[in-house]
Amino acid sequence: MAIVFEKVSFAYDERSLWRHSALEDVSLELETGVFAAVAGTTGSGKSTLLQHFNGILKPTGGKVRVLDFILQAEGKQPPLRELRRRVGLVFQFPEQQLFEDTVEKDLCFGPLNFGMGLEEARERASQALALVGLDDSFLPRNPFHLSGGQMRKVAIASVLAMDPDIIALDEPTATLDPQSRAELAGLLSRLQREQGKTVIVVTHRMEEMLPYVDTWIVMKGGTKVFQGSPAELVRESGRLERECGLAVPACITTWNQVAARFGLEHEEPCLTPEKLAERVVRLLEGHPQGNKREGGG
Amino acid sequence: MRNKLLFGRSIDTGSWVHGVDPRAKLTGMVLYLVAIVIVGSWPALGIAAAFSLAYMTATRIPLKYFAKAAKPLWVLMVFIFAVQCITVKQGEELWRLGSWALYTGGLSSGLIAASRMALLVSFTAILTFTTTPGLLNQGLAGVLAPLRRIGISAQRLTLMMSIALRFIPTILDETHKILKAQAARGADLKEMPWKEKGKMLVSLLVPVTVSAFRRAEELVLSMESRGYVIGAPRSEYHLLSWRLRDTCFVLSYVVLVAVVLSFRWI
Ligand SMILES: Nc1ncnc2c1ncn2[C@@H]1O[C@H](COP(=O)(O)OP(=O)(O)OP(=O)(O)O)[C@@H](O)[C@H]1O
Ligand SMILES: [Mg+2]
């Protein structure tokens with residue numbers, strides 16, 4: 001189990017008049033090597049949740065276990081350096097992530113901190129940059145003079161350069177163009193499948209992560225209201241849409257309509273246009289596949 | 001980090017002190033400052049303390065917040081105390097260390113000086129706790145308005161002040177953000193030995209200054225894009241109105257100054 005939350009609560013500005021509760025009694029488990037996605041409306045506590053993964057925020061109640069590290073409200077804090085090496089966190093806003101005056105320095109900051117030599121760190125920097133689709137000409141530039149999307153990519157690269165085992169990204173696709181968004185989702189999926197990384201992504205655009213994700217988490221008002229596989233998400237999407245204002249993508253709604261119409265509720269959902277088209281064709285040809293009740297046609 | 005900094009945050013409890021005209025509060029605070037400067041004996045200090053406590057309770061803000069407001073200045077208070085103890089040579093000798101001796105007079109005036117400082121800081125916190133920055137500015141503009149006669153624009157001054165005040169929490173937030181980003185990549189200030197910590201804090205100066213400038217530029221753009229022109233006539237959202245209560249408020253401070261003064265000469 002890579003990440004386990006046991007009744008975790010968190011409040012900003014604890015013990016002051018401005019106390020603001022952001023997480024309440026959140027329990028969750030994520031296996032090593034999963035591709036998880038967190039959805040939920042604005043202010044539902046997604047970013048707060050993510051910042052617990054590498055101990056940037058410490059729970060004010062309950063217990064967080066990440067890899068072999070245990071973070072608790074009470075008790076002494078274990079040194080977190082090793083945790084930070086193994087868990088990379090991309091903050092929601094790239095301006096929150098970058099602080100050096102050149103892209104290269106920023107990319108090398110992590111690797112150098114974790115005891116790598118300068119040459120190797122540079123090597124890593126340019127590799128990470130290539131992964132996110134930027135070339136070496138960006139290395140000497142000032143990260144704050146980049147476009148929003150480029151800054152975002154550099155922020156992601158700065159975490160990839162550390163080669164962490166768990167990668168948590170807070171809305172990484174916001175401010176990216178559609179092509180870069182798809183590329184990024186593909187890259188994350190590749191890192192997960194080929195290198196066995198655990199990937200956790202916060203997203204407001206569920207459709208772009210849909211093909212890759214194996215565990216969905218839905219947050220509402222600081223609590224976890226759903227955790228399950230994509231098929232379970234599809235089944236409960238109606239409730240989640242009503243109760244949590246979740247922006248359920250059209251492909252799920254459409255599938256649910258088709259499923260209800262033809263009695264396919266217990267099948268694996270077809271969430272891409274191609275798959276759905278094939279399924280409809282099979283229906284029309286009179287092969288209900290699995291489910292006996294024949295639909296109209 | 002930010003939650004430790006109480007200065008400059010208002011706490012709304014809806015007490016009558018919150019409703020006092022900001023100009024009256026500012027005038028009151030200046031009078032209080034005068035009173036505190038004049039205080040030189042224990043009875044006078046006692047009266048000033050009782051006066052302060054009465055007002056602090058009236059705000060209905062827990063007293064511990066006032067204590068917290070004074071806390072960052074304890075080094076200064078200790079320093080003032082020590083200087084008084086070392087330099088004042090009146091009263092009986094209490095303790096001798098080589099050629100230097102501690103006298104009762106020194107101890108007493110050291111304590112008074114330190115308490116004055118604590119009172120001043122925690123009491124002026126009333127002003128920031130009970131007044132939102134916007135109102136405070138308006139009050140300030142009101143108090144400074146007469147300066148126009150000698151060619152100084154109160155609006156310009158208060159704009160400068162309000163931006164400066166507004167930037168303190170922003171810069172702290174910015175610092176906090178950078179610290180967070182660095183911690184996330186393995187450089188956690190809390191886990192460093194002291195020497196490293198010092199180096200790290202120094203290396204923070206550059207990005208923090210740079211980001212402060214970036215924020216300032218953004219602020220200018222955002223003000224200009226909303227048509228802000230300095231010196232242009234502006235209407236106010238809240239109009240300040242001076243009432244009897246405000247006069248009484250200021251008068252209470254005049255009385256305090258008078259009482260404290262009388263102790264000086266009696
Ligand atoms: N630094 C902070 N201080 C105080 N309260 C905060 C702070 N950051 C967030 N909050 C509050 O905590 C709650 C959860 O915030 P969080 O940033 O986790 O939401 P989110 O789900 O990431 O939202 P979004 O989709 O807009 O990024 C919100 O109500 C927010 O107002
Ligand atoms: Mg967020």
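The values are calculated or read from the model by the stated rules, or taken from the named source; none is laboratory data. Source: prediction; values computed, not measured. Positions of Cβ are backbone-derived with ideal geometry, glycine not excepted, and every protein chain shown enters the neighbour counts.
Here are the numbers:
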{"read-out": "Any hit, the range A:206-217, residues being at pLDDT 90 or above, within 16 Å of ligand 1 (Cβ to nearest atom) and either in the same structural domain as A:LEU271 (by TED's automatic domain parsing) or in contact with an Asp or Glu (Cβ under 6 Å, 6 or more places away or on another chain) (or both)", "value": "no"}
{"read-out": "Lone qualifier among B:ALA181, B:ALA187 - being within 30 Å of A:ASP163 (Cβ to Cβ), in contact with a helix residue (DSSP H, G or I) (Cβ under 9 Å, 6 or more places away or on another chain), in a loop (DSSP other than H, G, I, E, B) and facing chain A (nearest Cβ under 10 Å)", "value": "B:ALA187"}
{"read-out": "Number of positions in the range B:31-67 that are surrounded by fewer than 18 Cβ atoms within 10 Å (Cβ to Cβ) and farther than 25 Å from B:ARG264 by Cβ", "value": "7"}
{"read-out": "Residue check, A:LYS76 within 22 Å of the chain's Cα centre (by Cα), more than 16 Å from ligand 2 (Cβ to nearest atom) and either surrounded by fewer than 21 Cβ atoms within 10 Å (Cβ to Cβ) or aromatic (Phe, Trp, Tyr) (or both)", "value": "no"}
{"read-out": "Unmet requirement for B:GLY8, which otherwise passes all of (1) outside any loop (DSSP other than H, G, I, E, B); (2) modelled with pLDDT under 85; (3) surrounded by 13 or more Cβ atoms within 10 Å (Cβ to Cβ)", "value": "(1)"}
{"read-out": "Residue satisfying all of: in the range A:11-31; within 16 Å of ligand 2 (Cβ to nearest atom) and within 20 Å of the chain's Cα centre (by Cα); surrounded by the most Cβ atoms within 10 Å (Cβ to Cβ) among these", "value": "A:LEU23"}
{"read-out": "Of all residues in the range A:30-59 being in a strand (DSSP E or B) and either at negative phi or not assigned by TED's automatic domain parsing to the domain that holds A:GLU14 (or both), the one that is farthest from ligand 1 (Cβ to nearest atom)", "value": "A:PHE35"}
{"read-out": "Among (1) of a type in the set (Val, Ile, Thr); (2) surrounded by fewer than 21 Cβ atoms within 10 Å (Cβ to Cβ); (3) more than 13 Å from ligand 2 (Cβ to nearest atom); (4) under 23 Å from A:GLU241 (Cβ atoms), the one test that A:VAL34 misses", "value": "(4)"}
{"read-out": "Pairs with Cβ under 8 Å, 6+ apart, first in the range A:43-68 and under 18 Å from A:LEU30 (Cα atoms) and within 16 Å of ligand 2 (Cβ to nearest atom), second hydrophobic (A, V, I, L, M, F, W, C) and in a helix (DSSP H, G or I)", "value": "A:ASN54/A:LEU83; A:ASN54/B:ALA184"}
{"read-out": "Conditions (1) modelled with pLDDT of 85 or more; (2) under 25 Å from A:SER229 (Cα atoms): number failed by A:VAL281", "value": "(2)"}
{"read-out": "Count - residues of the range A:1-29 that are within 16 Å of ligand 1 (Cβ to nearest atom) and within 16 Å of A:LYS224 (Cα to Cα)", "value": "12"}
{"read-out": "Filter result (surrounded by fewer than 19 Cβ atoms within 10 Å (Cβ to Cβ) and within 22 Å of B:VAL257 (Cβ to Cβ)) within the range B:81-110", "value": "none"}
{"read-out": "Inter-residue pairs, beta-carbon under 7 Å, first touching a residue at least 24 places away in the same chain (Cβ under 8 Å) and in the range B:227-238, second hydroxyl-bearing (Ser, Thr, Tyr) and in a loop (DSSP other than H, G, I, E, B), 6+ apart", "value": "B:GLY231/B:SER153"}
{"read-out": "Some residue of the range A:160-168 being within 16 Å of ligand 1 (Cβ to nearest atom), under 30 Å from A:PHE109 (Cα atoms) and either among the polar types (S, T, N, Q) or surrounded by 17 or more Cβ atoms within 10 Å (Cβ to Cβ) (or both)", "value": "yes"}
{"read-out": "Matching residues, the range A:161-179, being under 17 Å from A:GLN92 (Cβ atoms) and over 14 Å from the mean Cα position of the chain (by Cα)", "value": "A:THR175, A:LEU176"}
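For every residue, the table says whether it meets (1) touching a residue at least 60 places away in the same chain (Cβ under 8 Å); (2) in a loop (DSSP other than H, G, I, E, B).
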position	(1), (2)
B:VAL30	no, no
B:GLY46	no, no
B:ALA69	yes, no
B:VAL78	no, no
B:LYS89	no, yes
B:LEU107	no, no
